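I have placed the structure first, in the form of structure tokens, so that the comments after it can refer back to it.
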């Protein structure tokens, strides 16, 4: 059996170690991940040094595993890719250094991939075709509205001015005494709560209608807590449901309004927070009402993973894009600077 040429991608931007193999047309053959959530839970958040040390020990066995699962050998790899930013410098350096070393050893091209671009394109993996539309990226560190014109051609329409949506959920969860990561804990408790129990603020920025701000929401929750007895399960559930509703309503409204304003017919939603089922249902309802096409990546490709990095790299490689080995990691790499 002839083995198709493939691409090997690594993701080590934060605390997840991941590797993936995909065909050059973007079909994912294998994708593996080592999660460090349990390691960092004891600290209440990600510790950069701990994350990078674990990347070092986990990358090699993950690479071997995805190559075996895909049924290919190293000579079958046509190009090597890695996330080069944004993220934690100490973590980014692990994946990029290994991918560059493999590219040199195998005399193959290297592709530096922007982590947010990988999220942005992940909803297109199923169709294997990137189309123009509006991208909503909602993760722990980023909340972005992005106009997708084509592969490598993006325009930021809105961004958070302070906390990202996932960050706000994690921080308020910590106030509520919930374990890390807080977003999934809030979603779980919110299922039995009343989303109208508390009228938490929704940010409306007159000068930038498509920007986000969640710091006021976080402050409002902080001031509300002394009035509440969180030992009562229903009280805690109501806070979580109201908090979730405040975040979701802003995300849905701004995405739908931006799509209408710019005449875009497709909304592609990605990032770890897009695993939230309440958000998915609200987006589906609003898009159906407004006549918009909604694309959602499967949950396994929403949180940090190498499958989305491999797919983004394959899209770039297909258009003839590669990266110099001298390209350095950039913890603040903007998605609209990836040309």
Open item on the list: When you scan segment 241-258, do you find a residue that is surrounded by 13 or more Cβ atoms within 10 Å (Cβ to Cβ), in a helix (DSSP H, G or I), without any contact (Cβ under 8 Å) to a residue 40 or more places away in the chain and over 27 Å from the mean Cα position of the chain (by Cα), even just one?
Closed with: no
Task: Tally of residues being in contact with a strand residue (DSSP E or B) (Cβ under 9 Å, 6 or more places away or on another chain) and farther than 15 Å from residue 183 by Cβ across segment 280-289 - done: 5
Open item on the list: Taking the condition of being farther than 22 Å from residue 173 by Cβ, out of contact with any strand residue (DSSP E or B) (no Cβ under 8 Å at 6 or more places or on another chain) and assigned to a helix (DSSP H, G or I), how many residues in segment 259-279 meet it?
Closed with: 2
Task: In segment 259-275, the residues that are under 15 Å from residue 123 (Cα atoms) and buried (at least 19 other Cβ atoms within 10 Å of the Cβ) - done: 267, 268, 269, 270, 271, 272, 273, 274, 275
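Results for (1) surrounded by fewer than 19 Cβ atoms within 10 Å (Cβ to Cβ); (2) farther than 28 Å from residue 336 by Cα; (3) modelled with pLDDT of 95 or more, shown as yes or no for each residue.
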| position | (1), (2), (3) |
| --- | --- |
| 156 | yes, no, yes |
| 160 | no, no, no |
| 164 | no, no, no |
| 167 | no, no, no |
| 174 | yes, yes, no |
| 182 | no, yes, no |
| 186 | no, yes, yes |
| 189 | no, yes, yes |
| 195 | yes, yes, yes |
- [ ] Search segment 31-44 for residues being at pLDDT 75 or above and within 19 Å of the chain's Cα centre (by Cα), and hand back the single one that is farthest from residue 181 (Cα to Cα).
- [x] 31
- [ ] Look at residue 251 and say whether it is modelled with pLDDT of 95 or more and either touching a strand residue (DSSP E or B) at 6+ places or on another chain (Cβ under 6 Å) or within 30 Å of residue 95 (Cβ to Cβ) (or both).
- [x] yes
Open item on the list: Out of 233, 299, I need the residue that is touching a helix residue (DSSP H, G or I) at 6+ places or on another chain (Cβ under 9 Å) and closer than 25 Å to residue 7 by Cα. Which one?
Closed with: 299
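The values are calculated or read from the model by the stated rules, or taken from the named source; none is laboratory data. For clarity, every value in this text was computed on a predicted model and none was experimentally measured. Here Cβ is always computed from backbone atoms with ideal geometry, including for glycine, and neighbour counts include all displayed protein chains.
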